[in-house]
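Just so you know, all these numbers are worked out from the coordinates, no wet-lab data involved. Note that the structure is predicted; figures quoted are calculated from it, not measured. In this analysis, Cβ positions are derived from the backbone assuming ideal geometry, glycine residues included, and neighbour counts consider all displayed protein chains.
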Amino acid sequence: MMKKKIAAAALSAVMAVSLAACGSGAQTSAPVASGDQSGNAAASDGSNTLTVWCWDAFNIDAMKKAAEIYNREHPEVTIDIQETLAKDIRTLVQTYAVGGELDALPDIFLMDDQVIAKYIQNYPEVFADLTDSGIDFSQFASSKVANSVSNGKNYGVPYDSNTVVAAYRTDYLEQAGYTVEDLTDITWDRFIEIGKDIKAKTGMPMLTNVQGEPDLLNMILQSAGISVFDENGNIALTENEGLKEAAKVYLTLVKEGILQEQTDWSGYQGSINNGTVVGTINGSWICATIMSTDQQEQSGNWAVTDMPKLNDYTGATNYSAQGGSTWAISSSSKNYDLAVDFMKTTWAGSTEFYDSILQDLGAISTWLPAADSDAYNQTSDFFGGKAIYAQIVSYGKKIPVVNKGLYWAEEKEAMGIALAKVLEGSADLDSAIAEAQATVEFNIGQ
Amino acid sequence: MKRLRLAVTYLILAVASFLSVFPLYWMIAASTNNSTDVLAGKLTFSTNLLANVTKLFAQQDVGRAFANSVFYSVILCALSLAVCSIAGYGFEIFHDKIKDCLMSVLLLAMMVPFAATLIPLFRMFTAVGLQSTWLAYVLPTLSTPFLIMLFRQSARSFPTEIVDAARIDGLNEFVIFVRVFVPTMKSTYAAATTVTFMNAWNSYLWPKVIMMSDKSQTMPMLVANLSSGFSIDYGVLMLGVLICSLPTGILFLILQKNFANGVVGAVKG
């Protein structure tokens, strides 16, 4: 009986709460409850509001800064930043394009460089052509602009640098009797030698990576100018000597325990933030992750240098690219002119803007005039008092441009499986690569 | 021998309950730690809760997301129970060959993954201008084959003699349903409430697509935002997950006993 009473009381409490919530819920969602106006809730309606979709505090804060600078001259303009995940932006662009509901897209949205080319190709109606918009694309790093060019037309404004850095803990290197100079301008063979030695002396792996996502493999490929696509954009994994060479390096790193594979991003971030690895190789944006540690003692004990090169492979360099993203303007934007003007004055025209996001967020631009600014020569206490930004910019100029094809993400997934199979011993490298080739061909319908 | 068997049973149950409860414990403990400690696998409570709360509320509009989630979930849950229980009751009490056949078709529909119907559904809703309304949130999942089946199975154990007696007493069919059937099916309703509320609360893809305004953000979207990016604060993330899982947890605890009865009843039927 007592229990019944309690249950009844609890249920009525739930009812009461939910009724109250109905009230407040209705209130909060009032602006969206009215049909037509809400249909265009995302894209602005011709007023002075620009709606922006992007993800991660790194991008959101940069956009906020751009808005702040633009508002000085244009106080009447509102930049409405709506946090939307990278994968959700892909789903929404696809759904709204197929569903013919382009008005639902925001004025400006961010897309990761890995997929933007594919989306421009598949849903050209979504992207506004910016070729004659007045934005000077020659002022951006050419390897970056190439990601959002299709048939000679520009569809995106490049954002952050994807220059690869190798970041190491100098205190760990010192324990094993090495300095960061010993790891600068070296080959992978030499790196493996040093890695084995450091592993023996400190017990720590040199590098960390997410299992099944062999970003490192792709960084090695680009550093040596190796493409996994032929001139016609077809996947070319088999009989690709460069790929085989790079895969061998990757496999050796894992087998020797020099590269530790993590189950997911949290394991990856954890291994860096908790100091259980000597370092990592990734796009320069990884510096923000490195600095996000709560361990104070890591400050001052990091250094940045270039990545190892693919031994004696012709065209091998110590420089590569990984990640990064690009801004696009929706073709459906009712504020196209305003959106272009906003992008032109901030993202493609303000040294002050890039200086400030560099200082506050560590965001390195691909807008070339920004690199001449004094801000890039500032030193970072976290990275041992070195001018790492100037260093990264100098690497960026030497990255080989490769034909990345449209189906980069599919290739990465298939190669991740191939490498895992070789590592667990269920296939040899040649057959695993052949299988990856077949998988990619099937997935992209070639 | 009997004792040994009992000991083994308890041992297995102890391990099973540890495995079920441990993640919940870790979630709560992690929400009081800083990110680096969470990543290092620290399992004890710490003093970082307030800092995490401050950061979470500074980064995200938790109040609005929570209110939205409660609003949509409660509406969906209430309407869904009303529609599916009537359907389940009807399929059983008034059953004939055609209705049985229709039921099988409904069950087949359970096989169609949501991703396959996403775009057609989206086109349907935008064609009639329902995008970004609560109706759009609620309608696609209002009637689910699973719930109809649950109520139909329960209705099987409901003696048809009572329905006949009520008819003789002059009650109309709707009143019989409301006054006679519904009160005896409390445990089924409890089970259905738990399942429906949980599904509505956790729903992600469809709301993300059809609710085009940032103002319609729900708790799962908020948690997804917290877990994106390259420097995730895992303490804050775990706090977000904790807040997000509280309502379904509380609801389950309240309806726990009835939930078990409801599910067992349906299977027995």
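Quick check for me: using +1 on Lys/Arg Cβ and -1 on Asp/Glu Cβ, what's the dipole size of chain A about its Cα centre, in debye to the nearest 20?
The calculation lands at about 1100 debye.
Relative contact order for the range B:61-268 using alpha-carbon pairs under 8 Å, separation at least 6, rounded to a whole percent?
Computed over the range B:61-268, the figure is 34 percent.
At a temperature of 37 °C and a viscosity of 0.692 mPa s, determine how fast chain A diffuses translationally according to Stokes-Einstein, using the Kirkwood radius over alpha-carbon pairs as Rh; express D in µm²/s, rounded to the nearest whole number.
My calculation gives 138 µm²/s for D.
When a/c reaches 1.5 or more, the comparison of a/b and b/c decides; with that in mind, is the range A:204-319 rounded, prolate or oblate per its Cα gyration tensor?
Prolate, because a/c is 1.5 or more and a/b exceeds b/c.
Along the charge dipole of the range A:84-208, Cβ charges K/R +1 and D/E -1, which of A:Val180, A:Ala128, A:Ala97 sits furthest on the positive end?
In the range A:84-208, that residue is A:Val180.
With axes computed from alpha carbons, what is the tilt in degrees of helix A:408-424 against the longest principal axis of chain A, rounded to the nearest 10 within 0 to 90?
It is inclined by approximately 50 degrees.
What's the exposure ranking of A:Asp103, A:Asp132, A:Asp61, B:Asp37, going from fewest to most Cβ atoms within 10 Å?
Listing A:Asp103, A:Asp132, A:Asp61, B:Asp37 from fewest to most nearby Cβ atoms yields A:Asp132, A:Asp61, A:Asp103, B:Asp37.
From the Cα trace of the range B:61-268, what convex hull volume per residue do you get, rounded to a whole Å³?
Normalising the Cα hull of the range B:61-268 by residue number yields 152 Å³.
When a/c is below 1.5 the answer is rounded, else prolate if a/b is larger than b/c, else oblate, so apply that to the range B:1-130 with a ≥ b ≥ c taken from the square roots of the Cα gyration tensor eigenvalues.
Because a/c hits 1.5 or more and a/b fails to exceed b/c, the range B:1-130 counts as oblate.
Identify, among B:Ala40, B:Gly229, A:Ala288, the residue whose Cα sits farthest towards the positive end of the charge dipole of the protein assembly as shown, taking +1 on the Cβ of Lys and Arg and -1 on the Cβ of Asp and Glu, with the dipole about the Cα centre.
So the residue furthest toward the plus end is B:Ala40.
Treating the beta-carbon of each Lys and Arg as +1 and of each Asp and Glu as -1, no other charges, what is the dipole magnitude of the range B:61-268 about its Cα centre, to the nearest 20 debye?
So the magnitude is around 80 debye.
In percent, how large is the relative contact order of the range B:7-104, given Cα pairs closer than 8 Å and 6 or more residues apart?
After rounding, I find 15 percent.
Given the options A:Ala57, A:Ala86, A:Ala167, which has the most mean-square fluctuation in a GNM of chain A, springs set between C-alpha atoms less than 10 angstrom apart?
Among A:Ala57, A:Ala86, A:Ala167, the largest GNM mean-square fluctuation belongs to A:Ala57.
Ignoring everything except DSSP H segments at least 4 long, calculate the 222 nm mean residue ellipticity for chain B; use -39,500 (n - 2.57) per segment, divide by total residues, nearest 500.
The helix contribution divided over chain B gives -24000 deg cm²/dmol.
Rank these for me by crowding, B:Leu205, A:Leu50, A:Leu85, going from fewest to most other beta carbons within 10 Å.
Arranged by neighbour count, lowest to highest, B:Leu205, A:Leu50, A:Leu85 become B:Leu205, A:Leu85, A:Leu50.
Which angle between 0 and 90 degrees, to the nearest 10, do you get for helix B:97-109 versus the longest principal axis of chain B when only C-alpha atoms count?
Approximately 10 degrees, to the nearest 10.
To test your reading of the geometry: what angle, between 0 and 90 degrees and rounded to tens, separates the Cα axis of helix A:2-28 from the longest principal axis of chain A?
80
As a footprinting exposure proxy, order B:Leu222, B:Leu102 by other Cβ within 10 Å, with the fewest listed first.
In order of increasing Cβ crowding within 10 Å: B:Leu102, B:Leu222.
What FRET efficiency would be calculated for the residue pair B:Leu43, A:Thr351, taking the C-beta separation as r and a Förster radius of 41 Å, to the nearest 0.05?
0.25
Other chains' Cβ within 10 Å of A:258-267 residues: what's the mean?
What the average comes to for A:258-267 is 1.
Could you work out the per residue convex hull volume over the alpha carbons of the range A:307-435, in cubic angstrom?
190
Calculate the length of the line joining the C-alpha centroid of the range A:290-343 to that of the range A:355-391, in whole Å.
Using only Cα atoms, the two centres lie 13 Å from each other.
Can you give me the Kirkwood hydrodynamic radius for the range B:83-154, using every pair of distinct Cα atoms, in Å to one decimal?
Here the Kirkwood hydrodynamic radius works out to 13.5 Å.
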